[in-house]
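The values are calculated or read from the model by the stated rules, or taken from the named source; none is laboratory data. Everything quoted here is computed from the prediction, not taken from an experiment. Every residue, glycine among them, receives a Cβ derived from its backbone with ideal geometry; neighbour counts consider all protein chains shown.
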């Protein structure tokens, strides 16, 4: 019985800790994405006074979740950590119930862009995690650990520092893992189309007509179209079934003189540079010379280059005047631009609608001395690490200090076993 209880408690601990680690990790690799989600919440709740804290809160939440999860998995500080995990779930569960009922934001963002859950799905998930957190806390002494008191402290510090370093790297450059539809290697046209046979949105349409001051609703078949005494007032379309929504459904590039040129860009068989800046007035100017060099290189090789922004014409004119730029800027939705690349500005390279490369403004290659065309350079083809390879490298980086701390531990490793053994000896 005691062995079975030990196994069950540790299984619950591993599930709870794994969920916390996953949630914290996917937030840490994309801190700006989490910051945008916080901004959505603050806008929905009219908490604009917190808008300057979105990035800080995003990084902090990722670090806390990863720390709690890793500490649970490793059995570090079992009582306080299990208590903090329980208190976290006691707060988040009713909060997600409120979100599910009122739906101020369509999805909670608890797993970033890696796994999109509805608000009700998030609430059900938290119910399960809360039911696991209770026994993990009540019987925390049944959890085993591989660290001693001194090495537990070092391991705990590392579990907190690691997600902070990960967030800092992903913020300074680009997310080490990209879960969005604009990731390198994707053909954007394929992600903008609805597959044949996919379910479509279904609506119940009702018409409102008025006769002698009395308004009445009619279905499509019942509408009194041939009765002039009835006057049309309004139409109500109520969605009764949600159909398939393409991963990319709001990508529209509007040129100031040519109109919508989205298809022209995505079907271009040559290379196309896209300078992406959601707001030019907020763009980082430290590496602007790299943008200018890329523009000169594109022009020299007859590659198309466009600027994509949500800024108004006055800001665009000011930018072009200040940097003597001949880049044609097009208008694109602000949220779309922030989804395309987590950098302001950033550079995206396309060919045949396929995303070949994405560069944060710090990473844009210096094309000053590049004479070869793109097809003869490393940037002219899709080159990226697989998700498994990236995860493997991150895991090894996280594991190396823990292995070192483990070797420092001189006492018994499975404390719960020794506690039980001592208790049994005392009872003899």
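Residue 152 satisfies every condition listed in (1) farther than 21 Å from residue 56 by Cα; (2) in contact with a helix residue (DSSP H, G or I) (Cβ under 6 Å, 6 or more places away or on another chain); (3) part of a helix (DSSP H, G or I) except (2). Given the criteria crowded, with 22+ Cβ neighbours inside 10 Å, assigned to a helix (DSSP H, G or I) and out of contact with any helix residue (DSSP H, G or I) (no Cβ under 6 Å at 6 or more places or on another chain), does residue 26 qualify? Answer is yes for this residue.
The condition of being within 21 Å of the chain's Cα centre (by Cα) and more than 24 Å from residue 80 (Cα to Cα) holds for only one of 173, 209, that being 173. Picking from residues in segment 230-277 that are loosely packed, with under 11 Cβ neighbours inside 10 Å and within 30 Å of the chain's Cα centre (by Cα), the one that is modelled with the highest pLDDT is 267. Taking the criterion of being assigned to a helix (DSSP H, G or I) and either under 29 Å from residue 339 (Cβ atoms) or modelled with pLDDT under 90 (or both), the residues of segment 156-179 that qualify are 162, 163, 164, 165, 166, 167, 168, 169, 170, 171, 172.
The C-beta contact set for segment 82-104 (first residue assigned by TED's automatic domain parsing to the domain that holds residue 24, second residue surrounded by fewer than 14 Cβ atoms within 10 Å (Cβ to Cβ), distance under 6 angstrom, 6+ apart or interchain) comprises 104/44.
For segment 112-144, filtering for residues that are surrounded by fewer than 20 Cβ atoms within 10 Å (Cβ to Cβ), part of a loop (DSSP other than H, G, I, E, B) and out of contact with any strand residue (DSSP E or B) (no Cβ under 7 Å at 6 or more places or on another chain) leaves 4.
Among the residues of segment 86-100, some residue qualifies, meaning at least one is surrounded by 15 or more Cβ atoms within 10 Å (Cβ to Cβ), assigned to a helix (DSSP H, G or I) and out of contact with any helix residue (DSSP H, G or I) (no Cβ under 6 Å at 6 or more places or on another chain).
Out of segment 191-211, which residues are in contact (Cβ under 8 Å) with a residue 40 or more places away in the chain and either surrounded by 15 or more Cβ atoms within 10 Å (Cβ to Cβ) or part of a helix (DSSP H, G or I) (or both)? Scanning segment 191-211 gives 191, 192.
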